[in-house]
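The values are calculated or read from the model by the stated rules, or taken from the named source; none is laboratory data. Bear in mind the structure is a predicted one, so any value in this text is a computation, not a measurement. Ideal geometry is used to build each Cβ from the backbone, glycine not excepted, and the neighbour counts take in all protein chains shown.
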Amino acid sequence: MIDQLTVFKQDGTRQCDPDTQPRALSDDADKIAALKIKVVGEGRRVRLPIAGPEACHAPTPWANVFDIDGAGLSRTQLFQLAEIGFHLWGYETAPQLRAGGSDTPFPLDLALAANLLAGPAPPDRIGELVGHHLRVYKKGDPITRDYRRDRINFEIAPVTGAIGRIWFG
């Protein structure tokens with residue numbers, strides 16, 4: 001289990017619009033706390049280390065960043081964070097860049113993090129599959145790439161019709 005995660009949400013400011021004010025750190029911290037997730041320390045306003053489009057009314061590269069307690073964090077909480085606009089911070093900081101980089105090659109989204117970092121394993125008994133959405137397809141068929149945590153997928157071998165793979169998502 002992960003002890004601590006860093007999450008961010010862009011602060012709501014817009015390019016070419018000097019009247020927009022950044023959303024208060026306390027507002028975002030309260031939204032995180034409402035999900036029964038503990039914010040560690042204080043949040044901070046950080047410029048994202050990515051280039052975005054330069055266009056009036058497009059979001060600025062500024063974000064509210066928070067460290068959260070990862071102990072006991074559930075998949076549901078991570079999905080809820082994603083639903084309210086938070087992302088997992090995976091960018092290298094200046095000290096990491098000077099030290100030769102980190103183990104994080106790209107920023108992960110929270111839905112992926114939910115599956116990698118938290119919560120119970122998927123059901124392993126047939127009786128526990130009741131209530132899940134079902135998708136059956138033949139190997140090689142085009143399928144959507146949308147992630148649905150409540151969906152079980154059965155991949156069927158085209159020639160034999162046997163179940164080749166079962167997976168969630």
Residues that are under 18 Å from the mean Cα position of the chain (by Cα) and either assigned to a helix (DSSP H, G or I) or modelled with pLDDT of 85 or more (or both): does segment 47-54 have at least one? no
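Is it the case, given these coordinates, that Ile156 is surrounded by fewer than 14 Cβ atoms within 10 Å (Cβ to Cβ), modelled with pLDDT of 80 or more and in contact with a Phe, Trp or Tyr (Cβ under 9 Å, 6 or more places away or on another chain)? Give the derivation first.
Details: surrounded by fewer than 14 Cβ atoms within 10 Å (Cβ to Cβ): no; modelled with pLDDT of 80 or more: yes; in contact with a Phe, Trp or Tyr (Cβ under 9 Å, 6 or more places away or on another chain): yes.
No, not satisfied.
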From the residues in segment 66-77 that are in contact with a Leu (Cβ under 9 Å, 6 or more places away or on another chain) and closer than 15 Å to Val39 by Cβ, which one is surrounded by the fewest Cβ atoms within 10 Å (Cβ to Cβ)? Asp69
Enumerate the pairs (first residue in segment 6-35 and assigned by TED's automatic domain parsing to the domain that holds Leu88 and free of Cβ contacts under 8 Å to residues at least 12 places away in the same chain; second residue anywhere and assigned to a loop (DSSP other than H, G, I, E, B) and β-branched (Val, Ile, Thr)) with beta-carbon separation below 6 Å, excluding pairs fewer than 6 apart on the same chain, so at least 6 apart or on different chains. Thr20/Thr13
